[in-house]
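Participant: Sending over a structure as structure tokens; questions will come in a sec.
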Amino acid sequence: MKIGFIGCGKMAAKMATVLHGLDDFELVACAARDENRAIEFKNAYHFKKAYASYEELVKDKDLDLIYISVVTKAHFETMKLCIDNHKNVVCEKPFTLNSVESKKIIDLAKKNKVFLSECMWTRFMPIKDEVLKIIKSGEIGKPYLY
């Protein structure tokens, strides 16, 4: 999967570090409002391209998915920009500022037939233990990545 990042801050750095070590993901492009910041991030985390605007990044035909890690108040508009350009989106939490924004952005994603998800770390969620128990039991077979 070819990924673009909008936002080049602390959370983006953590996500880029994780994805860089996985075979199924390619870090293609990153964007920040400050061109120097985008270039520094590109070089530090092994992206192929850096953009000085989010608008340029969403026009990139090489991207399968865009990861958004801008300030929370900009999540809705940034997701909208991506979805309007038919890009799949994973957005840092909190997803939006309120339920009205959430409904609007989910409806837009459905209309444009794109994937939309909130990025959430599940390590401390109680369901994690139950899922691990089921996997270890063999009840669902052997899980694999594809």
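The values are calculated or read from the model by the stated rules, or taken from the named source; none is laboratory data. Quick caveat, the model's predicted, so the values are computed rather than measured. Reconstructed Cβ throughout: ideal geometry from the backbone, glycine too, with neighbour counts over all protein chains shown. These area figures cover heavy atoms from the full protein model, side chains too; ligands, DNA and RNA do not enter into them. Shrake-Rupley method; radii C 1.70, N 1.55, O 1.52, S 1.80 Å.
Participant: Nearest 10 degrees is fine. How inclined is helix 35-45 to the longest principal axis of the chain, computing both from alpha carbons?
Facilitator: 30
Participant: Within the chain, what whole-number % of the accessible surface is contributed by carbon and sulfur, with the 1.4 Å probe and all protein chains included in the calculation? Write down the numbers at each step before the final one.
Facilitator: Values: 5330 of 9420 Å².
Within the chain, the accessible surface is 57 percent carbon and sulfur.
Participant: How far is helix 126-137 tilted, in degrees, relative to the longest principal axis of the Cα atoms in the chain, given as a value from 0 to 90 rounded to the nearest 10?
Facilitator: 60
Participant: Let me ask something else about it. Considering only DSSP beta bridges where both residues belong to the chain, give the percentage that are antiparallel (nearest 5).
Facilitator: Antiparallel: roughly 0 percent of the beta bridges in the chain.
Participant: Using modelled backbone amide H atoms (1.01 Å from N, in-plane), which distant-in-sequence or interchain residues come within less than 5 Å of Phe47's amide H?
Facilitator: none
Participant: Still on this structure, I have one more. Name the aspartates and glutamates eligible as straight-distance cross-link partners of Lys42: C-alpha to C-alpha under 13 Å, and not fewer than 8 places from it in the same chain.
Facilitator: Glu26, Asp34
Participant: Identify all lysines with a Cα-Cα distance to Lys93 below 22 Å; exclude those on the same chain that are fewer than 8 residues away in sequence.
Facilitator: Candidates past the 8-residue exclusion: Lys2, Lys10, Lys14, Lys73, Lys80, Lys103, Lys104, Lys110, Lys113, Lys128.
Participant: Check Val89: other-chain or 5+ apart residues with amide H under 5 Å from its amide H, H built from backbone geometry?
Facilitator: Correct list: Ile66, Phe115, Leu116, Ser117.
Participant: Using only alpha carbon pairs under 8 Å that are at least six residues apart, calculate the relative contact order of the chain and give it in whole percent.
Facilitator: Value for the chain: 18 percent.
Participant: Grab the Cα-Cα distance for Asn36 and Ser117, subtract it from 0.36 nm times how many residues apart they are, and report the gain in nm with one decimal.
Facilitator: 26.3 nm
Participant: Also, quick follow-up: Which order do the peptides 73-82, 97-106 take when ranked by the mean count of other beta-carbon atoms within 10 Å per residue, highest first? Spell out each step's value before the answer.
Facilitator: Values: 73-82: 19.4, 97-106: 13.4.
Ranking the peptides 73-82, 97-106 by packing returns 73-82, 97-106.
Participant: In addition: Using helices alone, what [θ] at 222 nm do you get for the chain, with -39,500 (n - 2.57) per DSSP H run of 4 or more residues, divided over all residues and rounded to the nearest 500?
Facilitator: -13000 deg cm²/dmol
Participant: Using alpha carbons only, how many degrees (0 to 90, rounded to 10) separate the axis of helix 10-20 from the longest principal axis of the chain?
Facilitator: The angle comes out at about 60 degrees.
Participant: With the other protein chains left in place, how much accessible area per residue, in square angstrom, belongs to the range 52-96 at a 1.4 angstrom probe? Write down the numbers at each step before the final one.
Facilitator: Values: 1960 Å² over 45 residues.
That works out to 44 Å² per residue.
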